[in-house]
């Protein structure tokens, strides 16, 4: 590999050619602040916060885009650099809605952090403060442009990573702002709700539609039976909100914390319905293969992906598995099966799912998912990991000191197959474990490692009971689009395809805890979070979904067997073509 | 965005013309800007229907098309009236009270600068210096230049146009 030699603050470093000054500085253990730059997402040199000085170079250089050159001598902390950064931050603050105390990003904001570090005067420049209407029409994302710093990270992740491009920069100069075409609400656009814009935003301009208050109200309502369940990935990320290292598995503390949110609050394990999804989905796959059904079959547990197909590739709707997502299955299990079993009134059950995702907030509202005849959704509220963390904090719980507790019976136990749903490739791997054992009782392989790992398109062929099964997996909707085009053109021929809308899967969902630039730009946080799940899977006694005792119970008592009529009524769904145009 | 009060009335011929422009630019990198120029030539303005056709034709998102259309001031998102009123807000005209002339026109026609009357007869725009500073403040209506105006005089000028159109404003 060709390298270049340069000095950062007089420290000599050797880095690969093509590195930027920002990357080279990290090699010298020096971090340069960023605001618009975000690794893998945005690199436009626009915010001017990362300016540095270099010997024999006129003016200051933007470290995020300027290449590390042979012999370059860079200085990252000179008075000129500090003055420039300070002025830039003060200019950004001039028309910023500085309502920091009530801001969702208070203490977690890149701009606030910089303002503190550079000792700025937030009122140094007088300016007209913009007065944009807050867009909160969609059931999942809120945009407050009064706090936007126009870093364009959200625009870039939406356009370049997800290839959905429902937001862009509008107008110019003082009037520039980010929004959807014709300044319509995001809700009128073909947005899939993945929420990657939110986790890319350095400030409080974007956040999930908050629903914690609804949950508090239900907890305080003696009429309501409040039932929580948590998605597989939450245990691998929630600890970050309490200062724990990335990749801490906090399953036990999470169960303990939710149980303590209020009297009678139940906490169930959504890994169970991940197992249930697998049993239904693997059954559906085998049936499609044996009966000449539409192939490839696409996984349907990711609501961002499902909405993407409904908007942009409606011709592929028959390929989507009819299985509801684990969240929706749990809603149907609770308000269908469990209500009947225990005599609870579904109208009085208040079902809260904790999910890594903003699209799941939309999923709750899909009329196709209502399994009962009453006027209620199967899942009442979907909370992001961040919202759950805020609830735990408000409840005054010392999270890191809580004991490790189990989920509540009867929905506590799950297999490793359910656990790995939270990482890209996990659903496919769990389905392969189960399908292989269904077709060949003696099948031994449990780790399908070829479908794991970061977001590229992975294609693998497995041979089970004399049948060759071609599978593909990817995450990120840009990759999904490439994969769909390959299938469309006939270039690829798969039996099953797993797609997660967010790069890396649910562990990197739009509802996960914010990680600052200082982490996202340098640490493979997605791998650390995934590892927590794969470690738990590895340590599980039961690793293939058919071993789940809870699944066995619900089939024996209610759904009979995968694919049977009752299972179909409660656990399967349908999709609609939504069109790719603005409303 | 100013309210688009007039419904889109594109013709088949205009659409064919636009499709031909798109077809000849489809493979050109950075085709969006020149295509939008041509589209505005064809339709006189860039309503959502036209921007959507451009987006679909070039395979770019509508939000990107809208971003470009709103970045350049020469692009108009609202239709132009049968009579196009252009109020010079250049330095000389401004110090001679062009802002008051503009307000007078806006009040009389009941629309803002950048908009078009619901009957499609008048649209108002502001411009910077038509090169007739000696006549400041200046207003152009279609190709006609009116100089040394006062709010009262522009009122009379507008009345003439309104009368010609059989109106009674």
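The values are calculated or read from the model by the stated rules, or taken from the named source; none is laboratory data. What you see is a predicted model, and the numbers here were worked out from it, not measured in a lab. FYI the Cβ positions are ideal-geometry reconstructions off the backbone, even for glycines, and counts take in every protein chain you see.
Quick look at the numbers
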| quantity | calculated |
| --- | --- |
| Filter result (surrounded by 15 or more Cβ atoms within 10 Å (Cβ to Cβ) and touching a residue at least 40 places away in the same chain (Cβ under 8 Å)) within the stretch B:133-148 | B:133, B:136, B:137, B:138, B:139, B:140, B:141 |
| Residue identified as in contact (Cβ under 8 Å) with a residue 24 or more places away in the chain, closer than 30 Å to residue A:502 by Cα, touching a helix residue (DSSP H, G or I) at 6+ places or on another chain (Cβ under 8 Å) and not assigned by TED's automatic domain parsing to the domain that holds residue A:503 among A:38, A:22, A:60, A:72 | A:38 |
| Those residues of the stretch B:94-125 which are closer than 11 Å to residue B:151 by Cβ and touching a residue at least 60 places away in the same chain (Cβ under 8 Å), in sequence order | B:108 |
| Matching residues, the stretch B:15-48, being closer than 19 Å to residue B:81 by Cβ and free of Cβ contacts under 8 Å to residues at least 12 places away in the same chain | B:41 |
| Residues (part of a strand (DSSP E or B), without any contact (Cβ under 8 Å) to a residue 12 or more places away in the chain and closer than 14 Å to residue A:296 by Cβ) located in the stretch A:443-487 | A:461, A:468 |
| Matching option when the condition is outside the structural domain of residue B:109 (by TED's automatic domain parsing), over 27 Å from residue B:129 (Cα atoms) and at pLDDT 95 or above, among B:65, B:5 | B:65 |
| Test: residue in the stretch B:93-103 that is in contact with a helix residue (DSSP H, G or I) (Cβ under 6 Å, 6 or more places away or on another chain), at pLDDT 95 or above and in a helix (DSSP H, G or I) | yes |
| The stretch B:60-85: number of residues that are away from every other protein chain (no Cβ under 12 Å), surrounded by fewer than 17 Cβ atoms within 10 Å (Cβ to Cβ) and over 9 Å from the mean Cα position of the chain (by Cα) | 1 |
| Set A:261, A:206: member being over 16 Å from residue A:401 (Cα atoms) and in contact with a helix residue (DSSP H, G or I) (Cβ under 8 Å, 6 or more places away or on another chain) | A:206 |
| Any hit, the stretch A:241-258, residues being surrounded by fewer than 24 Cβ atoms within 10 Å (Cβ to Cβ), closer than 14 Å to residue A:384 by Cβ, within 18 Å of the chain's Cα centre (by Cα) and assigned by TED's automatic domain parsing to the domain that holds residue A:378 | yes |
| Where residue A:333 falls short, out of the listed (1) buried (at least 24 other Cβ atoms within 10 Å of the Cβ); (2) over 22 Å from residue A:471 (Cα atoms); (3) within 24 Å of the chain's Cα centre (by Cα) | (3) |
| Entirely in the stretch A:110-205, the helices (runs of 4 or more DSSP H) that have 3 or more residues that are within 14 Å of another protein chain (Cβ to nearest Cβ), under 22 Å from residue B:75 (Cβ atoms) and touching a residue at least 12 places away in the same chain (Cβ under 8 Å) | none |
| Filter result for residue A:359 (over 28 Å from residue A:222 (Cβ atoms) and in the same structural domain as residue A:455 (by TED's automatic domain parsing)) | no |
| Residue check, residue A:214 at negative phi, within 11 Å of chain B (Cβ to nearest Cβ) and part of a helix (DSSP H, G or I) | no |
| Qualifying residue in the stretch A:272-279 (condition: over 21 Å from residue A:339 (Cβ atoms), part of a loop (DSSP other than H, G, I, E, B) and in contact (Cβ under 8 Å) with a residue 60 or more places away in the chain) | no |
| Options A:238, A:261; residue that is crowded, with 24+ Cβ neighbours inside 10 Å and outside the structural domain of residue A:109 (by TED's automatic domain parsing) | A:238 |
| Selection status of residue A:102, buried (at least 20 other Cβ atoms within 10 Å of the Cβ) and without any contact (Cβ under 8 Å) to a residue 12 or more places away in the chain | no |
| Residue selected from the stretch B:37-56 under the condition within 14 Å of another protein chain (Cβ to nearest Cβ), assigned to a helix (DSSP H, G or I) and in contact with a helix residue (DSSP H, G or I) (Cβ under 7 Å, 6 or more places away or on another chain), by the criterion farthest from residue B:80 (Cα to Cα) | B:55 |
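Yes/no per residue for (1) in contact with a helix residue (DSSP H, G or I) (Cβ under 6 Å, 6 or more places away or on another chain); (2) within 29 Å of residue A:32 (Cα to Cα); (3) at pLDDT below 95:
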| site | (1), (2), (3) |
| --- | --- |
| A:85 | no, yes, no |
| A:90 | no, yes, no |
| A:120 | yes, yes, no |
| A:126 | no, yes, yes |
| A:145 | no, yes, no |
